[in-house]
1. Given labels modelled 7 Å from the Cα in the Cβ direction, how far is it in nm from residue B:65 to residue A:61?
2. Taking every residue in A:58-69, how many Cβ atoms of other protein chains lie within 10 Å of its Cβ, on average?
3. With a point put 7 Å past each Cα toward its Cβ, work out how far residue B:87 is from residue B:58 in nm, to one decimal.
4. Which value, in Å to one decimal place, does the Kirkwood hydrodynamic radius take for chain B when every pair of different Cα atoms is included?
5. Report, to the nearest 10°, how far helix B:5-15 tilts away from the longest principal axis of the Cα atoms in chain B, using its own Cα long axis and a range of 0 to 90°.
6. When the chain is fully extended, how far beyond the present Cα-Cα distance does residue A:70 get from residue A:51, taking 0.36 nm per residue of separation?
7. Given the C-alpha centroids of segment A:20-93 and segment B:1-66, what is the distance between them in whole angstrom?
8. Once label points are set 7 Å from the Cα along Cα→Cβ at both residue B:22 and residue B:77, what is their separation, rounded to one decimal in nm?
């Protein structure tokens, strides 16, 4: 499912115009992005949580050429699936 | 500070003047329910600009109880993974 399919499903589910469902979807996604950009975590019960992990600079290698390179410090978001969702995804298989 | 569902509801309510608080709550709940159902049905969820949630099948494997060292078999299972989009990674790193 992609974003436009989600928007369509949201519009149908709660009976609102497509354009309004799109605006709400964007608000939700933008709010999450802003939160993570400030280094804050997200915790949605039943769905999962996101935390930012900070990596220091390290010496890596270009996997193609084998050449040594310096990897700059970076932050990455990590997702941990919530218990509810983890269990439901697993039983459906 | 941690962002929660209540914060999402608050933000939707604030940004969309036509919605009542109850409708804002309903829309966030529906957003999450639809997202979850997509993953439960085994189909990936792609939110452009944010990232992609994948449903992956893991094979059964032999493992050990790290405390006792006893061998055990871990059943095949289905898990959810997340890959952040390039846009999200750039924003998090202040680009």
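1. Output for this residue pair reads 3.9 nm.
2. Details: counts 0, 0, 0, 0, 0, 0, 0, 0, 0, 0, 0, 0.
Neighbouring Cβ atoms belonging to other protein chains average 0 per residue here.
3. Label at residue B:87, label at residue B:58, 3.1 nm between them.
4. Details: mean 1/r = 0.0599 Å⁻¹.
After inverting the pairwise mean of 1/r, the radius is 16.7 Å.
5. It works out to around 30 degrees.
6. On the way: separation 19, 0.36 × 19 = 6.84 nm, distance 2.48 nm.
Net length gain for the segment: 4.4 nm.
7. 13 Å
8. 4.0 nm
Rule-based calculations on the coordinates, nothing more; no lab input. Small disclaimer: the values here were computed from a predicted structure and weren't measured. Don't worry about glycine lacking a Cβ; one is built from the backbone with ideal geometry, like all the others, and counts go over all protein chains shown.
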